[in-house]
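Worksheet: the structure to be examined is printed underneath.
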Amino acid sequence: MRRAALALAALLLGACVHHPPSISGRPGAPAQPNEYWTPPASVAGRLERAAPAAAGAVPASGKLTVSDVVDLALRNNPATRLSWAQARAAADVFGASRGSFFPTITVSVNATQAQPLAPSGVLSQRSQYGPSIGLSYLVLDFGARAGNVDFARQTAIAADLAHNVTVQNTILGVEQALFNYQATRTQRDAQRSAVNEATASLNAAEERHRVGLATIADVLQARTARSQAQLALESLEGAVHVAQGSLAVSMGIPVNASFEPPVLVDSLCPDSLRFIAQSVDTLIAVATRQRPDLEGVRALAAASAAQVRVARSGLLPTVSLNATRAYTGSSVPGLQGSTYSIGLGFDLPLFTGMSRQYSLQSATEQLAAANARAELTRQQIALQVFTAYYNLQTSTERVRTAADLLASATESESVARGRYREGVGSIVDLLIAQSALADARAQDAQARWQWRAGLAQLAHDIGILGLRGEALPPLGTDTSRTNR
């Protein structure tokens, strides 16, 4: 008895202690909150086998164009594959929903072995078998089928438009990574020129010091300036590698892949002038027609309206038709032959616990929420276009101003270098002029590629970014300036 009592106590005590179930022979959870959980080898192997495919490979030539960069990003990005699969699944659901407009036909074959009690009180064994065909058709449901089909159609449209949004976001992301790489590389090249100029100034100061025309202070200041320029160049060299790695990841290829990014011309193109020539009102109007995310929320609002029709039809009767045709064979001669039946059914919901009324009310509120969401999206899109429009205008002006600054800084450095060479200028004036020139070069490069990014952003926000990254021109004639 004592042993039984101890065993029972141990069992009750163990029931009070929580032990997570094991997973493939390993603890199902970490023992302590400050410990790692190590997955079993079998689980790790399954996870490794279920891992997605490796990133896409670079073309054999290694040389890419802008179209190649965008195409690689669209093909390799898992977000585009996800949205594509969701769009196809939604289209299949729409196809399945249309089957409710057709009758349902079923064919069955039955065979039974029974031993019933005969009227005489004697057990008799008999076999019955035979095929049958049945037809069922919903004749009238006051809009439920049409509403369900419309809901599936609008949901499929929304999924397709969501895929378009993903495609445009992917294009914009890879373009921004490409422009950032180009800007960083241009700044690196400009800094190389700054190092060469600082080296030339150092050589000139050393020569002047050698012949007694300058002090050692000039040499030290020139040497300091050259070291600072070299440090900035080394930082930009690393930044170029980081920017290229970011571009590779946005393209969906390995970060350490060896490829040659396209060389772009950082000059203004007519696209920018065409965008800026349009009024912001015109661009907002184009965005309300072109943006796939706005069309998507409108499609979801239409799907909510279809759900209202479905919920409303739940309060109304349905009429259905059922028919069967069968042949029954039997071991008893009098129990075989052809049979058929046909029936027309009328179903009217008299009381459902107010569930259908509440369903209708819920669908109506969901429709109001969907309409509000569509209006909110429209306002957000208008703000995005408004912001991108003026950012592009600012970027265009900054490009022009940065070009003027670069021209002035270049001339100033040339004059300061000539004055120092002739012995009428100081090393301080030369170093200040060279520092201003290096800063002007960096600002010029940054302004030009910021303008490119601003152009892509505006094309994206309007909804006209092409599959190759180009800005399509469906803007039309500007008719709003006369009303402003």
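Look at where the Cα atoms of the range 355-393 and of the range 73-106 average out, and the two centres are 25 Å apart. Each peptide in 388-398, 86-96 was scored by the mean count of other Cβ atoms within 10 Å over its residues; highest first, the order is 388-398, 86-96.
Peptides 350-356, 185-191, 227-233 ranked from most to least packed, by the mean per-residue count of other Cβ atoms within 10 Å: 185-191, 227-233, 350-356.
Taking the centroid of alpha carbons for each part, the range 446-461 and the range 126-170 are 44 Å apart. Of the peptides 34-42, 250-258, 361-369, the order by per-residue mean of other Cβ atoms within 10 Å, starting with the highest, comes out as 250-258, 361-369, 34-42. For the range 288-387, with all protein chains in place and a probe radius of 1.4 Å, 59% of the accessible heavy-atom surface sits on carbon or sulfur.
Based on Cβ point charges of +1 for Lys and Arg and -1 for Asp and Glu, what charge dipole magnitude is obtained for the range 187-230 about its Cα centre, in debye rounded to the nearest 20? Result for the range 187-230 is approximately 100 debye, rounded to the nearest 20.
Projected label points at Leu344 and Leu264, each 7 Å from Cα along the beta carbon direction, are separated by 7.0 nanometres.
The values are calculated or read from the model by the stated rules, or taken from the named source; none is laboratory data. All of these numbers come straight from a predicted model, not from anything done at the bench. Cβ sites come from the backbone with ideal geometry, for glycine too, and all protein chains shown count toward neighbours. With ligands, DNA and RNA removed, areas are computed over all heavy atoms of the protein, side chains included. Shrake-Rupley method; radii C 1.70, N 1.55, O 1.52, S 1.80 Å.
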